[in-house]
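Enquirer: Got a structure for you, written out below as structure tokens; questions coming shortly.
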Amino acid sequence: MKPYLAHEHPLRLAHRGSRLLWPENTMVAFQGAVDLGYRYLETDVHVSRDGEVVVFHDDGLERLTDGRGKVWDHDWAYLRTLDAANHFDRANGYPLRGHRVAIPLLEEVLLTFPDALLNIDLKQDGVEGVVAGEIARLDAEERVLIGSFHDRRIRRFRRASAGRVATSAGPREVTRAMASAMAGRPVMVGADALQIPLRVATSRLVAAAHRGGKQVHVWTVNDPAEMRRLLDLGVDGLVSDRPDLLNEVVFGA
């Protein structure tokens, strides 16, 4: 087991820093999760036109900021000026709009929260080497797990990082894992963990993964009853937009 996975059980992962409570993937969101006792922060990265590793979910800027265009079409000098809380909506309006909530760099998150462990979704093709290099430069190879919804992307990252960084299963590996579980065989894939959607989480898959030495993390779980059901199945981690509710379930608060 890589060191990233060995810090707590079950792993509690704050999705995009808890996007239903704070503006997603911002320092405000990550600080909020840390204040709730979270070490595992789920997030996403792109690379700017000038090669900076940027923490941001979407390809385009419009849904979350006051900017326009694709992340990779802009330099960091422009991206850093955008209001990352521009569209963050609560019942009383847009409470953080205009409060200088910025898009952060991966470096900023890792340095600001030295005890945090980042679960990173690699959102862009062709930047695997840049991201692997930045993680190595920041001496964060044991603090990061990389995942992707694209098989080739995750394979390229594994090569670029020489296997030193934990990774989750790509879609084909998840399909193979499900087939192994149905056949009663242990899950044998190159990933360190299966990170799977709620709809495919079964006791059979969890048991097969454990027989193969793989953890199972489930996303995105915001209902306390579902959280309890999954923990009863034996899953090793839960990804949630509501870290406050997940704390109540795990700790019985």
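Enquirer: Within region 178-216, take every residue that is in a helix (DSSP H, G or I) and in contact with a Gly (Cβ under 8 Å, 6 or more places away or on another chain) and give me the one that is surrounded by the most Cβ atoms within 10 Å (Cβ to Cβ). Reasoning before the result, please.
Expert: First, pick out the residues of region 178-216 that are in a helix (DSSP H, G or I): 178-182, 198-200, 203-211.
Still in the running and in contact with a Gly (Cβ under 8 Å, 6 or more places away or on another chain): 180, 203, 206-208, 210.
Details: Ser180: 20, Ser203: 12, Val206: 23, Ala207: 17, Ala208: 25, His210: 16.
Only one residue fits best here, namely Ala208.
Enquirer: I'd like the residue in region 30-54 that is β-branched (Val, Ile, Thr) and touching a Phe, Trp or Tyr at 6+ places or on another chain (Cβ under 9 Å) and, out of all such residues, is surrounded by the most Cβ atoms within 10 Å (Cβ to Cβ).
Expert: Just the residues of region 30-54 that are β-branched (Val, Ile, Thr), to begin with: 34, 43, 45, 47, 53-54.
Cutting the leftovers down to touching a Phe, Trp or Tyr at 6+ places or on another chain (Cβ under 9 Å) gives us 34, 43, 45, 47, 54.
On the way: Val34: 18, Thr43: 24, Val45: 26, Val47: 22, Val54: 22.
Top of the filtered list is Val45.
Enquirer: Here is a check on your reading of the model: is Val200 over 21 Å from His7 (Cβ atoms) and among the hydrophobic types (A, V, I, L, M, F, W, C)?
Expert: Numbers: over 21 Å from His7 (Cβ atoms): yes; among the hydrophobic types (A, V, I, L, M, F, W, C): yes.
Answer is yes for this residue.
Enquirer: Among (1) surrounded by fewer than 16 Cβ atoms within 10 Å (Cβ to Cβ); (2) in contact (Cβ under 8 Å) with a residue 40 or more places away in the chain; (3) under 12 Å from Val53 (Cα atoms), which single condition is Asp115 missing?
Expert: The single condition Asp115 does not satisfy is (3).
Enquirer: Yes or no: region 73-80 includes at least one residue that is hydroxyl-bearing (Ser, Thr, Tyr), in contact (Cβ under 8 Å) with a residue 24 or more places away in the chain and at negative phi. Working first, answer last.
Expert: Step one: list which residues in region 73-80 are hydroxyl-bearing (Ser, Thr, Tyr), which gives 78.
Subset that is in contact (Cβ under 8 Å) with a residue 24 or more places away in the chain: none.
No, that holds for no residue.
Enquirer: Here is a further query. Quickly run through region 55-79 and pick out the residues that are in a loop (DSSP other than H, G, I, E, B) and surrounded by fewer than 16 Cβ atoms within 10 Å (Cβ to Cβ). Steps first, answer last, please.
Expert: Going through region 55-79, the residues in a loop (DSSP other than H, G, I, E, B) turn out to be 56-59, 61-69, 74-75.
Across region 55-79, the qualifying residues are Asp59, Glu62, Arg63, Asp66, Arg68, Gly69, Asp75.
Enquirer: Would you check if Asp139 is on the phi > 0 side of the Ramachandran plot and acidic (Asp, Glu)? Give the steps one after another, and end with the answer.
Expert: Details: on the phi > 0 side of the Ramachandran plot: yes; acidic (Asp, Glu): yes.
Here the answer is yes, as Asp139 does meet what is asked.
Enquirer: Then there's this: Out of the residues in region 226-253 that are in contact with a helix residue (DSSP H, G or I) (Cβ under 9 Å, 6 or more places away or on another chain) and small (Gly, Ala, Ser), which is surrounded by the fewest Cβ atoms within 10 Å (Cβ to Cβ)?
Expert: Checked region 226-253; the qualifying residue surrounded by the fewest Cβ atoms within 10 Å (Cβ to Cβ) is Ala253.
Enquirer: Which pairs do you get when a residue that is in contact (Cβ under 8 Å) with a residue 24 or more places away in the chain and over 23 Å from Leu11 (Cβ atoms), found in region 129-152, comes within reach of a residue that is of a type in the set (Gly, Ala, Ser) and in a helix (DSSP H, G or I), reach meaning Cβ atoms under 6 angstrom, with the pair 6+ apart or on two chains?
Expert: Close Cβ pairs satisfying both conditions: Gly129/Ala160.
Enquirer: What tally of residues in region 207-239 results from selecting those that are in contact with a His (Cβ under 8 Å, 6 or more places away or on another chain) and farther than 19 Å from Gly147 by Cα? I'd like the intermediate steps shown before the answer.
Expert: Going through region 207-239, the residues in contact with a His (Cβ under 8 Å, 6 or more places away or on another chain) turn out to be 216, 219-220, 234-239.
In the following step, the residues that additionally are farther than 19 Å from Gly147 by Cα were identified as 234.
Total satisfying the criteria: 1.
Enquirer: Let me ask you something else. Test of understanding: among Leu21, Leu13, which residue is part of a strand (DSSP E or B) and modelled with pLDDT of 95 or more?
Expert: Values: Leu21 fails: part of a strand (DSSP E or B).
Matching residue, one of Leu21, Leu13: Leu13.
The values are calculated or read from the model by the stated rules, or taken from the named source; none is laboratory data. In this text, all values refer to a predicted model and were calculated from it rather than measured experimentally. Counting neighbours? That spans all protein chains shown, and the Cβs are built from the backbone with ideal geometry, glycine included.
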